[in-house]
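These notes concern the structure reproduced below.
The values are calculated or read from the model by the stated rules, or taken from the named source; none is laboratory data. This structure is a prediction, so every number in the text was calculated from the model and none was measured. Cβ placement follows ideal geometry from the backbone for every residue including glycine, while neighbour counts extend to all protein chains displayed. Quick note on the areas: whole protein, heavy atoms, side chains included, nothing else; ligands and nucleic acids left out. Shrake-Rupley method; radii C 1.70, N 1.55, O 1.52, S 1.80 Å.
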Amino acid sequence: IGVSMETSGRLAFERGNFEAGTGDADAMRAFVESVPGEVAPKRMYAGYLRFVGRFDEALLQLERALELDPLNAQLRYDHGVLLNLMGRRTEARIAFRESLRLEPEQPNLYTALGQMDLRGGDLVGFVQNVEIAMELDPADHEQPLFIASTLCLGGLAKQALPYLEKSAEIVAENDYADSVRLSCLNAGGDTEAAIRLAMRLLEAGADPG
């Protein structure tokens, strides 16, 4: 027995296909249009559209969702992410700040602000924002690692090492962290320590990069 486009879209929504970027886009749209007063389908459909690169359509869905729920911090965050992807940096920053006003403790949002600072050449702003993300989510080892790898690439190997240590305190064994540490040691001129680390990684069967 066949099912309608609307029903097919509802099933895709319930199965999480909107978020996964899979499913029939026409069916998804039919379902979203059948529930004009619901926010969640619009948000998830916008995520799908963003995933497949249909940014203008995604923006329209998010704006419609925000009309229904203007005080939704996650919608404001999604709005900022999309605007940033579209190159509309000033508007993205405004959306992020509005999201923070509604819900201050969002580690991922501070990371997003840090990334924007980095793209704008503000390394200090980048570090400050990601450090706030670290404070809000101290169990996330990727945040200090993000700072470490960025500093190392920027020629600040010695400044990167404390962040590597912080990451290692959270997760002791991490191949990518070892690779970043090796790069930092080489960049910082500590050849002996770099060789020791490379040998240890080889003995453990890891690729020292």
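If you go through region 109-166 one residue at a time, how many are closer than 17 Å to N186 by Cα and aromatic (F, W, Y)?
Result for region 109-166: 1.
Mind checking whether some residue in region 157-170 is open to solvent by 60 Å² or more (accessible area, probe 1.4 Å) and within 30 Å of L83 (Cα to Cα)? Step through it out loud before you land on a result.
The initial filter retains those residues of region 157-170 that are open to solvent by 60 Å² or more (accessible area, probe 1.4 Å), namely 158-159, 162, 165-166, 169.
Checking which are within 30 Å of L83 (Cα to Cα) leaves us with none.
Looking for residues that are open to solvent by 60 Å² or more (accessible area, probe 1.4 Å) and within 30 Å of L83 (Cα to Cα), one finds none in region 157-170, hence no.
Sort out which residues of region 124-145 are at pLDDT 95 or above, open to solvent by 40 Å² or more (accessible area, probe 1.4 Å) and assigned to a helix (DSSP H, G or I), and write them in order of number.
Hits for region 124-145 are V124, Q128, E131, I132, E135, L136.
Quick check, is G53 assigned to a loop (DSSP other than H, G, I, E, B), at positive phi and either open to solvent by 50 Å² or more (accessible area, probe 1.4 Å) or not acidic (D, E) (or both)?
Numbers: assigned to a loop (DSSP other than H, G, I, E, B): yes; at positive phi: yes; either open to solvent by 50 Å² or more (accessible area, probe 1.4 Å) or not acidic (D, E) (or both): yes.
Answer is yes for this residue.
Scan region 100-114 and report the pairs whose first residue is without any contact (Cβ under 8 Å) to a residue 40 or more places away in the chain and whose second residue is outside any helix (DSSP H, G or I), with Cβ atoms within less than 8 Å and a gap of 6+ or a chain change.
If the second residue must be outside any helix (DSSP H, G or I), the pairs left are L100/Q106; L102/L71; L102/N72; P107/D137; P107/D140.
In contact (Cβ under 8 Å) with a residue 12 or more places away in the chain, in contact with a Phe, Trp or Tyr (Cβ under 9 Å, 6 or more places away or on another chain) and in a helix (DSSP H, G or I) - does that describe any residue in region 86-94?
The answer is no, given that none of the residues of region 86-94 is in contact (Cβ under 8 Å) with a residue 12 or more places away in the chain, in contact with a Phe, Trp or Tyr (Cβ under 9 Å, 6 or more places away or on another chain) and in a helix (DSSP H, G or I).
Go through region 98-111 residue by residue and tally those that are open to solvent by less than 10 Å² (accessible area, probe 1.4 Å) and under 14 Å from the mean Cα position of the chain (by Cα). Working first, answer last.
The initial filter retains those residues of region 98-111 that are open to solvent by less than 10 Å² (accessible area, probe 1.4 Å), namely 99, 106, 109.
Adding the requirement that they be under 14 Å from the mean Cα position of the chain (by Cα) leaves 106, 109.
Within region 98-111, residues that are open to solvent by less than 10 Å² (accessible area, probe 1.4 Å) and under 14 Å from the mean Cα position of the chain (by Cα) number 2.
From (1) more than 22 Å from M86 (Cα to Cα); (2) open to solvent by 20 Å² or more (accessible area, probe 1.4 Å); (3) in a helix (DSSP H, G or I), pick out the condition that doesn't hold for Q115.
(1)
Of the conditions (1) under 28 Å from L113 (Cβ atoms); (2) open to solvent by 70 Å² or more (accessible area, probe 1.4 Å), E38 clears all except one; give me its number.
Here E38 meets the rest and fails (1).
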